[in-house]
Amino acid sequence: MNELRFTDTNAADDSAGRVFGLDGNLYLPVVFGLVVGVVLFAGLGFVGTGYPLAGAVAIIPMAGSLVWVLGFRQGKPAGYDRDKLDALLGGANFTREGAPISHTKTHATAPDGRFVEGMLVFGSPERGGVAAKGFRLEPPDLRGASFERLNAFQDQVRALLALVSPGRRLQIQWWPDSDYRQALLAYLARTHEVTDPMIRAVRNERFTRYWPRILNGSLRREHLALFLSIEIEAYAGNVRGRAGLREHYAAVLQELAGQFEEFAGTLRTVFGPETPVHPMDDAEHCACLRRFLNPSQARRTGETPAGLFDPTLTMQENCWHSEGVGLQGGGFALDGHYHAVLALSRWPQRTRPGIVTHLTGLPFLDYAITVNVTPVAGRQEIQREEKATERLRGEYAEKPRASLLVALRKKERKVEALAGGFARPFHVTYLLRMWAPTPEALREKVAAVQAAVNAMDGAQSFECALPTTAKKLFFASWPGWTHSSYHHRELYAEDTFLADLLPFSATFVGALDQAEALYDGSHGNLVGVSTAVGGSPQHAVLIGMTGAGKSAFIEDLLFQTADHFSHSLLIEEGFSYKRFTEAMGETPIVIHPDAALTLNYLDTQRLPLTQLHLATAVALLARMVGQSDNAQDLALRQAQLTQYLHQLYRDTFTDWSRRH
C-alpha cells in the first residue's frame, strides 16, 4: 500500500437524550427529591404537624435537588459539582500524604506505594492491589518515512493495544527535556584521560559548547515511557503469620515479574530491533517520578537522581518535596512553577499516522503528555449505547432535531463497529500538562498547545477552570498509576484511530551511552558516534555534494576519536587532512608517478601468489589501458593481460631462483 492510511474517528457531537429538558439521567435526582418531599409532607401531616411546617420541611429536598441539578450539573462539565464542592471546602491545595496509603481501592487523591524489585507496587501485594512497571522505548524518527513505513508502524501500535486485556491497563508518558548530562559528563571524563593537547582541546570545545545549552534548555531530547499495570488477584488469607505472608508476597512478586518480563519480550517482538525496549529498574522509576513532581530538577546540575533513591521509603517520601497551591483561574503552583492541565475532549474528525507530531513537535520544553488506556468489554459498551439510542429515538420521535439525528448515527456506527468485531474499544484519558516560572509564560504555552490540538483536524481540549479539577487530573497522570477514580475526562476510543494519537516519538541519539564523538542533530538533539559496537569495528559512509563539508566532518571525527586508536591511516586524493596529520606530529606521504615512493601492485609482501591478487592486478591494468564498451573485447584484453602477468611472475621467479 503506497497511500497514507486515514481513519475516521466517529467524533460527532454526542447526546444522552433529554427528559423534562434535563440531560441524560439528571431528571432522576429531581424526581427523587420530589418523592422525598411528598413523603415528608404526608408523614408530617399524618403525625399532626401543621401544614405550613410540613410544607417548609418538604420543600427542602425538592429545592435542594433542583439547585444541585440546575446549578451544578445541567450544562456544566462532568464532575463539576464534586470539584466545586471540593474547592469550597478548601481542597484546592495539596501536599504529601502524612501516612502511606495501604488500601488500594481506586481514588482521586495522590497515589502512594513502594519501589519493589523493579516494580511500582501501589498499596500491598494483595487482592485489590496494583503493580506497574515502566519500559523506555526509543522508536525510530518517522518524520521523513514513506507512507508504507508509517502505515506499518500504525499496525505495530495496534498490535501493542491488543495486548491490553481485562485486568491490565496501559499508560503512555511522553516528555521533552534537555537532559544530556550523563553522556556529556562521561565524555568529559574520557577527555581528561587524553594526553595529546590538540585532541583534548577539540574535545573540551565540544563539551563547553553543549553544557550551557543543557542549562538554558536549548537542546531537546524526547522521552517515551510505557507503563503496564496489572491488578493483583492473589489473596493471602486471614490466618497467615509473618513468615507465611513473606512467602506469599514473594511468590506474588515473582509471578508479576514474570508477566512483566514476558510483556517486554512481546514488545521487542512487536516493534522489532529498530525500537529498543529498556525495562526500568527501581532507580529509574524513582527518577521518573522525581521529574514528574519536581520540574525544577531539569535546571539543577548537582543532583544525581539515582543517588537520592532510598528503597526503604515510599514513593512520596522519595520524590515529593513541595506543596501544591491551587490557583483561582484553574491550575496550581508546585515546586516554584505554575501548572496547567488540558484534557482532550474530542478526537479529530479523522486521523493519520504522524498526526500526533502537532503535539510532540511544539518548539518548547516544560510540557508532558500522559495517556491512560483502559480496555472495555465490547458487549457492555454495546448495551450501554443501545439504551441511549432508544432514549434518543423516543426524543427524536417526539421532537425531530438535526442534532439528535447526528448523535443517533454516531451511536449506530459505534455499535456496528463493536458488534462486527472490527475494533477494540478503550476508555482513554488524554492529558497535557504545561508548566512555567510565571503565569504569563504559562498562558503562552497553554495557547500554543490549544492551537496545536485544534490543528489536529478539529480536535478539542478542555481547560480546567477549577484548581481541584486540575489537581485530580494531575494525580491521574502520576507515572504508573492507572486506577484513578476520576473518569470525567475519559473518551471512548477504538484501536484503529487511537494508534495514530499515542505520542510514540523519541529523539534519535545514536550511540550516546558509548559516544566517542558528539554532534548536533537535526531537531536540537545530540547524536553520539561510536566507531565500534561490542568491541567490533564498524563501517561507515559519508555522502554529500562537493563543498558540503564532508572532509571537515571526517577531520573533526578523527580529532575526537584519535585517542581511542594507536594510529590512524588516511588514504586520499589531495590535502584535505593535512592539518590533522600535522597536528598529530606527522608528515603526509605523497605518492605520484615521479615520486621516490611508489606502490607496487604486483608485490605479494612475501606471501604466496593467489588468484585474488592476480585478478586484482589484472583489473587495475585493464583500467589503465582503458575500458571497452564491447564485452567481448574487454574479456579478450583481460585474458591477454592475465597471460602476460603469469609470464612475468614465472620469469621473475626463475631469475630469483638462479640467484639464490
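Where both bridge residues fall in the chain, DSSP classifies roughly 95% of the beta bridges as antiparallel. Could you tell me how many degrees, from 0 to 90 and to the nearest 10, lie between the Cα long axis of helix 181-191 and the main elongation axis, the longest principal axis, of the Cα atoms of the chain? Here the helix axis deviates by roughly 20 degrees. Ranked by solvent-accessible area (1.4 Å probe, protein heavy atoms only, all chains present), the residues TYR210, TYR649, TYR519 order from largest to smallest as TYR649, TYR519, TYR210. Between amide H atoms placed 1.01 Å from N, distances below 5 Å from VAL116 occur with VAL121, all of them 5 or more places distant or on a separate chain. Taking the protein heavy atoms of the chain in the context of the full set of protein chains, the accessible area attributed to carbon and sulfur is 56 percent at 1.4 Å. Note on HIS278 and HIS523: the extension gain reaches 85.9 nm, defined as 0.36 nm multiplied by sequence separation minus the Cα-Cα distance. The phi-based Karplus calculation (6.51 cos²θ - 1.76 cosθ + 1.60; θ = phi - 60°) puts the 3J(HN,Hα) values of segment 132-139 at 9, 8, x, 9, 7, 10, 10, x Hz, whole numbers, x for Gly and Pro.
Of interest is the spacing of the C-alpha centroids, which for segment 248-276 and segment 339-360 amounts to 29 Å. Extension gain, HIS539-SER576: 0.36 nm per intervening residue step, less the Cα-Cα distance, totals 11.3 nm. Between HIS567 and GLN156, the C-beta separation translates, for a Förster distance of 35 Å, into a calculated FRET efficiency of about 0.20. The residues of the chain expose on average 53 square angstrom of accessible surface per residue, using a 1.4 Å probe on protein heavy atoms.
Hey, for a label at LEU602 modelled as a point 7 Å past Cα toward Cβ, could you say which residues of segment 642-660 have their backbone N under 17 Å away? Backbone N within reach: 642-659. Rounded to the nearest 20 debye, the dipole size of the chain about its Cα centre is 1440 debye, using +1 on the Cβ of Lys and Arg and -1 on the Cβ of Asp and Glu. Measuring nothing but how far apart in sequence close Cα pairs (under 8 Å, 6+ apart) lie, relative to its length, the chain scores a relative contact order of 19 percent. For segment 576-660, rounded, prolate or oblate, judged on the Cα gyration tensor with a ≥ b ≥ c (square roots of eigenvalues), a/c < 1.5 rounded, else prolate if a/b > b/c? Verdict is oblate for segment 576-660. Given a Förster radius of 41 Å and the C-beta distance between ASP457 and THR49 as r, what FRET efficiency does 1/(1 + (r/R0)^6) yield to the nearest 0.05? After rounding, the FRET efficiency stands at 0.05. Pairs LYS445/LYS472; LYS133/LYS471; LYS410/LYS445; LYS133/LYS472: which exceed 29 Å Cα-Cα? Long pairs (Cα-Cα over 29 Å): LYS410/LYS445. Measuring from centroid to centroid over Cα atoms, what is the spacing of segment 279-297 and segment 113-156 in Å? Centre-to-centre (Cα) distance: 15 Å. For segment 455-598, the gyration tensor built on C-alpha atoms gives a prolate shape. Its axis ratio a/c (a ≥ b ≥ c) is at least 1.5, and a/b is the larger of a/b and b/c.
Relative to the current alpha-carbon distance between SER485 and THR438, full extension at 0.36 nm per residue lengthens the span by 13.8 nm. Residues whose amide H comes within less than 5 Å of that of HIS107, counting only those at least five positions distant or on another chain, are SER485 (H built at 1.01 Å from N in the peptide plane). Spin-label model, THR269 to ALA552: label points 7 Å out along the Cα-to-beta-carbon direction sit 5.0 nm apart.
With all pairs of different C-alpha atoms in the average, the Kirkwood value for the hydrodynamic radius of the chain is 30.6 Å. Here the label points at GLU317 and ARG299, each 7 Å from Cα along the C-beta direction, are separated by 3.1 nm in the simple model. Which angle between 0 and 90 degrees, to the nearest 10, do you get for helix 242-271 versus the longest principal axis of the chain when only C-alpha atoms count? It is inclined by approximately 60 degrees.
Residues of segment 626-645 with an amide N closer than 20 Å to a point placed 7 Å from the Cα of THR610 along the Cα-to-Cβ direction: 642, 645. Shown in residue order for segment 277-288 are the 3J(HN,Hα) couplings computed by the Karplus curve 6.51 cos²θ - 1.76 cosθ + 1.60 at θ = phi - 60°: 10, 10, x, 8, 9, 4, 5, 5, 4, 5, 5, 5 Hz (x for Gly and Pro). Calculated FRET efficiency, ALA63 to ALA465, Cβ-Cβ distance, R0 = 25 Å: about 0.45 to the nearest 0.05. In this label model, THR654 and SER628 are separated by 2.8 nm, measuring between points 7 Å along each Cα→Cβ vector. Centre-to-centre separation between the Cα atoms of segment 481-560 and those of segment 445-463: 27 Å.
Around the amide H of LEU362, modelled in the peptide plane, lies no amide H under 5 Å away from a residue 5 or more places distant or on another chain.
The helix-only estimate of mean residue ellipticity at 222 nm for the chain, built from DSSP H runs of length n ≥ 4 each weighted as -39500 (n - 2.57), is -14000 deg cm²/dmol after division by the residue total.
With axes computed from alpha carbons, what is the tilt in degrees of helix 378-398 against the longest principal axis of the chain, rounded to the nearest 10 within 0 to 90? Long axis of 378-398 versus the principal axis of the chain: about 50 degrees.
The values are calculated or read from the model by the stated rules, or taken from the named source; none is laboratory data. Being a predicted model, the structure only gives us computed values, none of them experimental. Using ideal geometry, Cβ is built from the backbone for each residue, glycine included, and neighbour counts are taken over all protein chains shown. For accessibility, only protein heavy atoms count, side chains too; no ligands or nucleic acids. Shrake-Rupley method; radii C 1.70, N 1.55, O 1.52, S 1.80 Å.
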